[in-house]
Amino acid sequence: MVLRSVLTSFFLLFLFPFPAALSHPSKTNTRNPVHLAARSYDVPVKGGMVRVRLAEGDYVLSDEEVLDWVRRCALAVNSYYGEFPVKRLNLNIRNGRGNSVRGGVTYQYQPPFINIMVGAFATPETLLDDWVLTHEMTHLGFPTVDDNHDWMEEGMATYIEPWERMRVGIQSREDVWRELVTNLPKGQPGNGDQGLSNTKTWGRTYWGGALFYFVADVEIRKQSRNKYGLEDAMRAIVAKGGTIPYDWEPIQICEAADKTLGLHVMTKLYQQMSSKPVEVDLNAMWKQLGVVVDGNGQVSFNDRAPLAAVRRGIEKKS
């Protein structure tokens with residue numbers, strides 16, 4: 001989720017005091033919650049730095065386990081973008097009840113700011129299964145658009161995040177394809193739909209947006225004979241300065257990608273899908289890509305399918 005409200009300087013200084021509270025991560029590794037004071041760390045990642053503030057509260061996790069999670073999520077994002085999309089990120093980790101990760105929000109600010117909650121009873125396994133922080137970090141590599149075009153931001157992160165996690169070995173390719181086959185139909189237009197930019201439902205915003213990027217990924221690879229994929233489009237946007245602190249128009253985003261790749265995919269799709277309902281024949285696409293999901297949810301692949309090479313290109317690990 002992206003929020004565009006500007007945080008006050010006082011609020012940021014309160015959350016991220018300049019001196020780090022501790023110079024080295026705690027080695028605590030107990031499985032019982034321990035009450036800890038607020039502390040801060042600077043975590044280097046390829047292409048940038050993440051200032052992590054852990055709020056006061058009760059934690060089963062050691063600080064090093066939390067920081068490993070942050071590094072792992074940053075590595076996943078870097079697998080798609082080549083390097084971290086922004087030079088500096090402020091990450092505030094709130095302490096809460098339960099054992100889950102939730103409530104992730106990315107704020108448009110300079111430097112950008114992510115707020116996320118980790119439950120007191122969260123374990124290393126919880127963090128390994130988490131997709132929320134990777135999703136929020138993915139938002140960093142995309143410019144901010146007007147509220148009418150939220151689907152561009154949310155759909156981008158919804159589609160890309162599973163591939164990022166697959167590329168660093170957290171998810172299997174079977175898991176990702178099963179998720180897409182199951183969830184992309186939620187993004188199809190329904191009765192009264194007026195296109196992605198004019199239909200404010202949850203399904204159209206998240207999975208309709210993801211559907212746009214899925215189709216773009218396949219089409220980019222088809223037209224370029226697998227020379228390029230959606231990750232090349234995203235890297236082109238970032239290279240031209242299109243990251244979350246900056247406001248861009250949707251057509252500007254699409255043109256930045258298309259011009260770099262020498263194609264006309266993103267702009268054409270935006271013109272088709274933003275203002276009118278476009279239903280995608282997903283069953284035909286699964287057949288062409290060679291993705292087969294049976295009634296028990298088991299996934300298999302047909303490497304003789306017409307677009308099997310495109311499917312493998314989407315799966316590739318950079």
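Each value in this text was obtained by applying a stated rule to the coordinates, not by laboratory testing. Just so it is clear, the model here is predicted, and its values are computed rather than measured. Using ideal geometry, Cβ is built from the backbone for each residue, glycine included, and neighbour counts are taken over all protein chains shown.
Modelled spin-label separation between N198 and N99, with each label point placed 7 Å from Cα along the Cα-to-Cβ direction: 4.8 nm.
How charged is the neighbourhood of W151? Take every other residue with its Cβ under 13 Å from the Cβ of W151, and add Lys/Arg as +1 and Asp/Glu as -1. Result for the local shell: -3. Arranged from fewest to most other beta-carbon atoms within 10 Å of their beta carbon, C73, C254 become C254, C73. For GluC sites (Glu not before Pro), the sites in segment 221-308 that DSSP calls loop and that have at most 13 other Cβ atoms within 10 Å are E279.
The smallest convex shape that holds all Cα atoms of segment 135-286, its convex hull, gives 107 Å³ per residue. Both radii were evaluated on the Cα set of the chain; the Rg over Rh quotient, with Rh as the Kirkwood radius, amounts to 0.98. Principal axis extents of the Cα atoms in segment 143-231, from largest to smallest and rounded to whole angstrom, are 38, 26, 24. Between amide H atoms placed 1.01 Å from N, distances below 5 Å from G104 occur with M117, all of them 5 or more places distant or on a separate chain.
Of the residues Y213, W248, G203, the one whose Cα sits farthest toward the positive end of the charge dipole of segment 140-255, with +1 on the Cβ of Lys and Arg and -1 on the Cβ of Asp and Glu, is Y213.
3J(HN,Hα) along segment 224-230: 9, 6, 6, 5, 10, x, 4 Hz, from the Karplus curve 6.51 cos²θ - 1.76 cosθ + 1.60 with θ = phi - 60°, whole Hz, x for Gly and Pro. Loop-located trypsin sites (Lys or Arg not before Pro) in segment 87-137 (DSSP state not H, G, I, E or B) with no more than 15 neighbouring Cβ atoms inside 10 Å: K87, R97.
Qualifying trypsin sites (Lys or Arg not before Pro) in segment 153-257, where qualification requires a DSSP coil assignment and no more than 15 other C-beta atoms within 10 Å, comprise K200, R225, K227. A simple count of charges around P111, restricted to other residues whose Cβ falls under 11 Å of its Cβ and scoring Lys, Arg +1 and Asp, Glu -1, yields +3. Taking the number of Cβ atoms within 10 Å of each Cβ as an exposure proxy, the fewest-first ranking of M285, M49, M273 is M49, M285, M273.
For segment 208-318, the square roots a ≥ b ≥ c of the C-alpha gyration tensor eigenvalues yield an a/c of 1.5 or more together with a/b exceeding b/c, which makes the shape prolate. If you sort the three axes of the alpha carbon gyration tensor as a ≥ b ≥ c, you get a/c of 1.5 or more for segment 31-124 and a/b above b/c, which makes it prolate.
Annotation for segment 139-189 versus segment 57-101: alpha-carbon center distance of 19 Å. Sequence-distant contacts, meaning Cα pairs under 8 Å at least 6 residues apart, place the relative contact order of the chain at 15 percent. Based on Cα contacts under 8 Å between residues 6+ apart, segment 78-131 shows a relative contact order of 36 percent.
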